[in-house]
1. Do you know which residues across region 206-258 are assigned to a helix (DSSP H, G or I), within 12 Å of the ligand (Cβ to nearest atom) and among the hydrophobic types (A, V, I, L, M, F, W, C)?
2. Restricting attention to region 131-170, report how many residues are within 15 Å of the ligand (Cβ to nearest atom), surrounded by fewer than 24 Cβ atoms within 10 Å (Cβ to Cβ) and over 19 Å from Ala233 (Cβ atoms).
3. For region 200-216, enumerate the residues that are surrounded by 17 or more Cβ atoms within 10 Å (Cβ to Cβ) and without any contact (Cβ under 8 Å) to a residue 24 or more places away in the chain.
4. Exactly one of (1) within 16 Å of the ligand (Cβ to nearest atom); (2) aliphatic (A, V, I, L, M); (3) without any contact (Cβ under 8 Å) to a residue 24 or more places away in the chain; (4) more than 22 Å from Leu148 (Cα to Cα) is unmet by Leu38. Its number?
5. Can you name the strands (runs of 3 or more DSSP E) wholly within region 1-83 that have at least 1 residues being buried (at least 17 other Cβ atoms within 10 Å of the Cβ) and polar (S, T, N, Q)?
6. Inside region 86-133, can you point out the residues that are under 20 Å from Ala49 (Cα atoms) and more than 20 Å from the chain's Cα centre (by Cα)?
7. So which residues in region 96-113 are surrounded by fewer than 23 Cβ atoms within 10 Å (Cβ to Cβ) and over 16 Å from Ala158 (Cα atoms), if there are any at all?
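The values are calculated or read from the model by the stated rules, or taken from the named source; none is laboratory data. Here the structure is a predicted model, which means the values were calculated and not measured. Note that each Cβ is placed from the backbone with ideal geometry, even for glycine, and that neighbours are counted across all protein chains shown.
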Amino acid sequence: MAILNLTPDSFSDGGIYADLDSAVARAQALIGEGADILDLGAESTRPGAEPVAEELELARLLPVLEAVVPLGVPVSVDTYKPKVAREALSRGAKLINDVTGLRNPEMSAVLAEFNAPAVIMHMPTTSPKNMQFQAHYQNVVAEVRDFLALQAERALSAGVPEVILDPGIGFGKTLEHNLALLKNLGQIVALGHSVLVGASRKKTIGELTGINEPAERVMGSVAAHLFAVDQGAALIRVHDVRPHWQALRVWEALRWEK
Ligand code: HH2
């Protein structure tokens, strides 16, 4: 899953694809590099980010969505707002990526109406604005797993056809929490749904390597994602498609049958 941020303030690529032409060119490049899904985001969820109004999110999102749907690769929209999801699904988006884990029941209702799957991501609060203040867990792996299991069950009983579970690397979590979740990803995979991991260019990679510039964290991101795939992740959400594509081709040829 390739990240396409249409925001002025995303943590690693804010402002680069904020106009229609550069966003569409970036989408074409990501597809050329081997992306299977494009994930369009029009509100930054970096720690401390201010929420944006629905109208602004839609104004950033819809022109690009309409231009990239015809490119033929399934388009996901990174939003937690039911109204934004409805507008996106009615214009051809195939998947909604909800970083609040479908906490708003209206979101599940929209997904059920459009028979669209969702990514359910864990974060400890309903907003990225204050999530780092909530990085307290007794047992992070069990708490994240139980949250995802409960939200998956609720979504499926509300008529959402399929869910993809995501531990939410970096969302209200310390380095230790993020490492515990990656090392124990098998516990989330064991819930029986597809699992997505997004560690691309994140602070966790910076903390492990001392590399401050997010765009220079590509190789560390590839290592984290290959590890996640080896634990059973079905999707990885990345900024740098080509290096991941290459690593996955080699990993696939070398892995033993499990
Ligand atoms: N991470 C970010 C945004 N959305 N969605 C899922 N499912 N999983 C993630 O790990 C995830 C996500 C943050 O990364 P990015 O989109 O690069 O930055 P920003 O939120 O600043 O736009």
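1. To start, the set of residues in region 206-258 that are assigned to a helix (DSSP H, G or I) comprises 206-209, 214-216, 218-230, 241-254.
Now drop any that are not within 12 Å of the ligand (Cβ to nearest atom), which leaves 214-215, 221, 224-225, 228.
Of everything in region 206-258, those that are assigned to a helix (DSSP H, G or I), within 12 Å of the ligand (Cβ to nearest atom) and among the hydrophobic types (A, V, I, L, M, F, W, C) turn out to be Ala215, Ala224, Ala228.
2. Result for region 131-170: 2.
3. Within region 200-216, the first condition is being surrounded by 17 or more Cβ atoms within 10 Å (Cβ to Cβ), and the residues that meet it are 200-206, 214.
Scanning region 200-216 gives Ile205, Gly206.
4. (3)
5. Working: elements: 2-5, 38-41, 75-78.
By residue number, 2-5, 75-78.
6. Of everything in region 86-133, just one residue is under 20 Å from Ala49 (Cα atoms) and more than 20 Å from the chain's Cα centre (by Cα), namely Phe133.
7. Correct list: Thr100 only.
Residues checked against (1) without any contact (Cβ under 8 Å) to a residue 24 or more places away in the chain; (2) touching a Pro at 6+ places or on another chain (Cβ under 9 Å):
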{"site": "Ala109", "(1), (2)": "no, yes"}
{"site": "His122", "(1), (2)": "no, yes"}
{"site": "Pro128", "(1), (2)": "no, yes"}
{"site": "Val144", "(1), (2)": "no, yes"}
{"site": "Leu156", "(1), (2)": "yes, no"}
{"site": "Lys173", "(1), (2)": "no, yes"}
{"site": "Gln187", "(1), (2)": "no, no"}
{"site": "His193", "(1), (2)": "no, no"}
